[in-house]
Amino acid sequence: MKILVRVFFVFTSIFSTTYSVPLSEFFPYGSTANEQLLSPNDDETNNGLFSFLGPISQFVPTPFPLNDGRRVIAGFWSDIDTRSSIPSGNKVYYQIHINQSNTIVFEKAVAYVQQYFPGERSFNPSMIITGTWYRVGAYSYQTNLVNTFQIVLATDEIRSFAFLFYNNLQWASPSTSSLIEVNSSSEIGGQAGFNAGDSIIYEMLPYSRTSYVRRLVNT
């Protein structure tokens, strides 16, 4: 499923358009796209979100809105652990594209914005940030279930749009041990959405913070 959100100071709406997005619909990612690879770790840089104006140190997601001014785009905020070996996976890629250094990335972003926000025909991004969590496991060293999703932020320094893509979500939280959904107050599932930093504009996607968050791929 792909979800497009207009973020920060202006929020329009959320769009979910398909059930499960094939990897071919992701923005270019991985070593073949010359993206940077985060070192295997279990700290906040891995935990499924973009944060601005300050780091997010906690691995258990905090409900939006955050009251400390931080701006956050969460694809799947949870305790992700990339220290274990998973065949062709457990990797987090990222890249900052500036001044249309990658025409494919910029053309794709413009096409999505114009498709889902028809009033933004003049949008011409000057920077795009991509982050891809590819077949990542949960803390601690869990490898039996993996999640694959992507966050893309496109901005012209006045307007900003975030794209959330979900290919596969097999685990909801580090305590998830199977594909069976059993919701409980002791289990906080991954959180998805955004926080504009003003304590007013924010959005949490359906099923966030529950064991049903895996259903984001079916919404």
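Values as computed for the structure displayed
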| quantity | calculated |
| --- | --- |
| Tally, over the range 61-111, of residues that are of a type in the set (D, E, K, R) and farther than 24 Å from THR32 by Cα | 4 |
| Output for the range 76-131, where each listed residue is within 16 Å of SER31 (Cα to Cα) and not aliphatic (A, V, I, L, M) | PRO87, SER88, GLY89, ASN90, LYS91, TYR93, TYR94, GLN95, HIS97, ASN102, THR130, GLY131 |
| Identity of the residue in the range 49-97, β-branched (Val, Ile, Thr) and not in a strand (DSSP E or B), that ends up nearest to PRO174 (Cα to Cα) | VAL60 |
| In the range 116-159, the residues that are in contact with a helix residue (DSSP H, G or I) (Cβ under 6 Å, 6 or more places away or on another chain) and assigned to a helix (DSSP H, G or I) | GLU120 |
| So TYR141, is it modelled with pLDDT under 90 and at positive phi | yes |
| Residue pairs meeting the criteria (Cβ under 7 Å; at least 6 apart or on separate chains; first surrounded by 13 or more Cβ atoms within 10 Å (Cβ to Cβ), in the range 80-103; second among the acidic types (Asp, Glu) and not in a strand (DSSP E or B)) | ASP81/ASP42; ARG83/ASP42; TYR93/GLU35; TYR94/GLU35; GLN95/GLU35 |
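The values are calculated or read from the model by the stated rules, or taken from the named source; none is laboratory data. These numbers were taken from a predicted model, which means no experiment stands behind them. Methodologically, a virtual Cβ is constructed for each residue, glycine included, from the backbone with ideal geometry; neighbour enumeration extends over all protein chains shown.
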